[in-house]
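Below is one structure, written out as structure tokens; the observations come after it.
The values are calculated or read from the model by the stated rules, or taken from the named source; none is laboratory data. The structure presented is a predicted model; accordingly, all values stated were derived computationally and were not measured. FYI the Cβ positions are ideal-geometry reconstructions off the backbone, even for glycines, and counts take in every protein chain you see.
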Amino acid sequence: MAYYHDLKRYEHDTDYPNKQEWIARRLLTLRHDLNEVIKRDRRPNSLIIGSWNIRAFDDGMLRLDESYHYIAEIIDHFDVCALQEVKSDLDPLRRLVRLLGPKWDFFVSDVSTHKGGNNERMAFVYNTSRVVFRNLIGEIVIPREDLINGEQVARSPFFASFQAGWFKFSLCSAHIVYGDDLGLRAQEIRVIADTLVRRARSEDQVHIFLGDMNIEKKDDEVMRALRDSKLEVPDFGPTNMGGDRWFDQMAFTAQGRAERKTRLLRHGSFDWRHAVFGPHPDDAPTDLSVVDVSQGKARHTLDEFLDHYEQIVIRERHKHGKDPYKDWNASYKNWATYEMSDHLPIWMELEIDYSDDYLRRYV
């Protein structure tokens, strides 16, 4: 369970009236929505893997205190999560892991300083009570014959091996190069997927390829490169704020040496805008509409979010020597993506209890 004791520190924050109450109400609403979408139908002895590009975490002005709580609450509903766009300063990541609680740990890659790397890291955060690290971690090195124009992938894919129950698996997190050249994006996906498929033939683990793959459309050449690989590719739908880009994906090896193959139970994305920051889509599901927050308001309109945060943001920007936004109403949606993200997190639930299969060998 995420760690809430820091709420005590916000009681006398003169720059943010009613800070404790606002954050607590938002967390209650967020917890309700996460239960409806992810937790309520979770099967016993399953594994939930998440992936999330947390926009520029944390580059420039630090996020508000509350944003760390909201991000931690979402990740806490996964057992292990791959994070993209972690920046060079690790203090924000350490703070996030602390808010996740003492059972959580993390690994992080070096900063990508070369062309196309954008000074980013990738990280894995995982619940040590549910997932065991198998002491293998590194970056994927592409074989010479697969190099793209003689070069490695712009942001080296980051991998680590874990085990949950009977299930051995390796996560390979990627942030595919962005730009006008869709062919280059497709090439990066193709060489990473091919590398994982080859490894699956000789390694007793399922390989899971996940991350921000910068796929524009569900049928463009970048998506075709992923679907044409020998990986299983669930449909997560659009994951950007506009609902028209298939940026984030997970795919996994279904064949190979691994004795226990992946059994996909459920998968999806999670839209936090119903609960925090907003503006939530107009077609918010009715089953997310009622939340018990002790007679307080659970959900807010865009105008209410604008009114609540305007003075808070002015004060925060002043503390960092920055002018207020010239047009707060027009800037709000973009500002909110730097508090949470411009991507939705995705997740999938896998079966990991194969004890019945094992026992049937002897009957």
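Some notes on this structure:
- Selection count where residues are at pLDDT below 95 and either out of contact with any helix residue (DSSP H, G or I) (no Cβ under 7 Å at 6 or more places or on another chain) or surrounded by fewer than 19 Cβ atoms within 10 Å (Cβ to Cβ) (or both), scope the stretch 245-263: 8
- Single match in Ala72, Ala82 (criterion: within 21 Å of Ile192 (Cα to Cα), modelled with pLDDT of 95 or more and of a type in the set (A, V, I, L, M)): Ala82
- Number of positions in the stretch 200-222 that are touching a residue at least 24 places away in the same chain (Cβ under 8 Å) and either more than 19 Å from Leu350 (Cα to Cα) or surrounded by fewer than 18 Cβ atoms within 10 Å (Cβ to Cβ) (or both): 14
- Helices (runs of 4 or more DSSP H) contained in the stretch 300-363 and holding at least 2 residues in contact with a Leu (Cβ under 8 Å, 6 or more places away or on another chain), in contact (Cβ under 8 Å) with a residue 24 or more places away in the chain and closer than 26 Å to Leu96 by Cα: 302-319, 328-339
- Taken over the stretch 17-27, the residue count meeting the criterion of being surrounded by 18 or more Cβ atoms within 10 Å (Cβ to Cβ) and more than 25 Å from Asp79 (Cα to Cα) is 1.
- Residue pairs meeting the criteria (Cβ under 6 Å; at least 6 apart or on separate chains; first over 14 Å from Glu188 (Cβ atoms), in the stretch 127-143; second among the hydroxyl-bearing types (Ser, Thr, Tyr) and modelled with pLDDT of 95 or more): Arg134/Ser161; Leu136/Ser161
- Taken over the stretch 290-328, residues that are at pLDDT below 75, touching a helix residue (DSSP H, G or I) at 6+ places or on another chain (Cβ under 9 Å) and more than 18 Å from Pro17 (Cα to Cα) amount to 5.
- The residue pairs whose first member lies in the stretch 243-254 and is more than 11 Å from Met223 (Cα to Cα), whose second member is assigned to a loop (DSSP other than H, G, I, E, B) and among the hydrophobic types (A, V, I, L, M, F, W, C), and whose beta carbons are closer than 6 Å, counting only pairs six or more residues apart or on different chains, are Ala251/Val233.
- Qualifying residue in the stretch 36-50 (condition: of a type in the set (Asp, Glu), closer than 20 Å to Val80 by Cα and in contact (Cβ under 8 Å) with a residue 12 or more places away in the chain): yes
- Scanning the stretch 37-56 turns up one or more residues that are acidic (Asp, Glu) and modelled with pLDDT of 95 or more.
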